[in-house]
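These notes are about the structure you will find just below.
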Amino acid sequence: MENKIEWEKLGFGYRKTDYNVRCYYRDGKWGELEVSSSENIPIHMAATALHYGQQAFEGLKAYRGKDGKIRLFRWNENAKRMQNSARGILMAEVPVDLFHDAIVKAIKLNERFIPPYGTGSSLYIRPLLIGSGAEVGVRPAKEYLFMVFVTPVGPYFKEGFNPTKVAVVRDSDRAAPFGTGTFKVGGNYAASLRGGKKIQEGGYSSPMYLDCCEKKYIDEIGAANFFAIKDNTYITPKSPSILPSITNMSLIQLAEDLGIKVERRPVSIEELSTFEEVGACGTAAVISPIGEINDIDKGIVYKFCKDGKAGPISLKLYETLVGIQYGEIADKHNWITIVE
Ligand code: PLP
Ligand code: COI
């Protein structure tokens, strides 16, 4: 048995668990779900995932409530998004039922890795779909592997719910309109590594990407969507090159429930000086308030959270979202599935 896990001290990283689950698509159909205790996958050296980036993944979490129950948040939206990603790069789609059975099996088999309630950590679930069939010409594979592993995680940004700092990146793009930015495929993350490294060297937690045509509008904050608050309005970018975040979609609904107006529209970087609160949102990021945005090229630093704390609307949205995820606030939109 490995050392006892210090749940409160977990960062966002990989930790070995007991099992993962796998399913192969061959001869035009999905096979049986298999359980494995190996962290490795045997893969053909000519698999399309390795050469031509035929690969998509998802990210969701299982939460242990105060009542001991395990909750999933809107897992069916992740299932649908993975199907959309598959369609985007011509892979076999994982049926929603298979997606469900695979994540539930992976959670239950690794139940001892679900962080206890109140530790600030949760179980991150990583479904992965790859082109496993061999091709040398640029074409889609005929065989696919779908697998799910889980790993206990803490906050994505070391600051947790304290304000983090981001910096604008102009000399690299993570995605292009009509490209793959709306799909959760590995290539977008490969494209974001250079920008990420550059700003991390400057002490910033995430790059802020702008639209790649005019460099005028805000796209995303690294692996999270962007939102801003102004005049009791929740403002979030509408762009053809950002990932449709399930967290953001949920915050839009929660904002409306709380009587906050919502605007989904192109958000110009020049508007930053008019915003009262800004933040990043996503499964990993949850809501991360942003305290500083440095537009290094222009020599402009935008400051928020002047008292070092998240603003009141970000805080309210955070408490409501997390309250639903842990079963402490009524789930009136039926977003929660209890894992039995
Ligand atoms: N944007 C990118 C590029 C991401 O990788 C993620 C994470 O999945 C998000 C946004 C947030 O999406 P979600 O809220 O569905 O996790
Ligand atoms: C998520 O929020 O689930 C992500 O995928 C972020 C990142 C680790 C890729």
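Answer yes or no: is there a residue in region 20-33 that is assigned to a helix (DSSP H, G or I), more than 23 Å from the chain's Cα centre (by Cα) and not assigned by TED's automatic domain parsing to the domain that holds residue 251. Checking region 20-33: not a single residue is assigned to a helix (DSSP H, G or I), more than 23 Å from the chain's Cα centre (by Cα) and not assigned by TED's automatic domain parsing to the domain that holds residue 251.
Here the condition is being farther than 23 Å from residue 172 by Cα, without any contact (Cβ under 8 Å) to a residue 60 or more places away in the chain and more than 12 Å from ligand 1 (Cβ to nearest atom); of 322, 267, it holds for 322 alone.
It is to be established whether one or more residues within region 251-265 are farther than 21 Å from residue 196 by Cα and within 16 Å of ligand 2 (Cβ to nearest atom). Yes - at least one qualifying residue is present in region 251-265.
Against the definition (among the β-branched types (Val, Ile, Thr) and in contact with a helix residue (DSSP H, G or I) (Cβ under 6 Å, 6 or more places away or on another chain)), how does residue 48 come out, yes or no? In short, no. Does residue 152 meet the test of being touching an Asp or Glu at 6+ places or on another chain (Cβ under 7 Å) and part of a strand (DSSP E or B)? Against the criterion (touching an Asp or Glu at 6+ places or on another chain (Cβ under 7 Å) and part of a strand (DSSP E or B)), residue 152 does not qualify.
Residues that are aliphatic (A, V, I, L, M) and more than 23 Å from the chain's Cα centre (by Cα) were ranked within region 297-340; the one that is surrounded by the most Cβ atoms within 10 Å (Cβ to Cβ) is 300. Within region 172-226, restricting attention to residues that are within 16 Å of residue 292 (Cβ to Cβ) and β-branched (Val, Ile, Thr), the residue that is nearest to ligand 2 (Cβ to nearest atom) is 221.
Among the residues of region 206-222, the ones that are part of a loop (DSSP other than H, G, I, E, B) and crowded, with 22+ Cβ neighbours inside 10 Å come to 2 in all. Those residues that are acidic (Asp, Glu) and surrounded by fewer than 18 Cβ atoms within 10 Å (Cβ to Cβ), I need them from region 25-62; list them, please. If the condition is that a residue be acidic (Asp, Glu) and surrounded by fewer than 18 Cβ atoms within 10 Å (Cβ to Cβ), then 27, 32, 34, 39 are the ones that fit. Residue count for region 169-190, restricted to those that are more than 11 Å from ligand 1 (Cβ to nearest atom) and among the basic types (Lys, Arg): 1.
Hey, does region 293-316 have a residue that's touching a helix residue (DSSP H, G or I) at 6+ places or on another chain (Cβ under 9 Å), within 16 Å of ligand 1 (Cβ to nearest atom) and not basic (Lys, Arg)? Looking for residues that are touching a helix residue (DSSP H, G or I) at 6+ places or on another chain (Cβ under 9 Å), within 16 Å of ligand 1 (Cβ to nearest atom) and not basic (Lys, Arg), one finds none in region 293-316, hence no. Can you find a residue that is touching a helix residue (DSSP H, G or I) at 6+ places or on another chain (Cβ under 6 Å), among the aromatic types (Phe, Trp, Tyr) and open to solvent by 30 Å² or more (accessible area, probe 1.4 Å) anywhere in region 188-205? Looking through region 188-205, none of the residues is touching a helix residue (DSSP H, G or I) at 6+ places or on another chain (Cβ under 6 Å), among the aromatic types (Phe, Trp, Tyr) and open to solvent by 30 Å² or more (accessible area, probe 1.4 Å).
Being among the hydroxyl-bearing types (Ser, Thr, Tyr) and crowded, with 16+ Cβ neighbours inside 10 Å is a property that does not hold for residue 274. Considering every residue within region 256-263, establish whether at least one is closer than 23 Å to residue 59 by Cα, touching a Ser or Thr at 6+ places or on another chain (Cβ under 9 Å) and either surrounded by fewer than 20 Cβ atoms within 10 Å (Cβ to Cβ) or of a type in the set (D, E, K, R) (or both). The answer is no, given that none of the residues of region 256-263 is closer than 23 Å to residue 59 by Cα, touching a Ser or Thr at 6+ places or on another chain (Cβ under 9 Å) and either surrounded by fewer than 20 Cβ atoms within 10 Å (Cβ to Cβ) or of a type in the set (D, E, K, R) (or both).
The values are calculated or read from the model by the stated rules, or taken from the named source; none is laboratory data. Computed from a prediction, not measured in an experiment: that's the story for all the values here. Every residue, glycine among them, receives a Cβ derived from its backbone with ideal geometry; neighbour counts consider all protein chains shown. Ligands, DNA and RNA are excluded from the accessible area calculation, which covers all protein heavy atoms including side chains. Shrake-Rupley method; radii C 1.70, N 1.55, O 1.52, S 1.80 Å.
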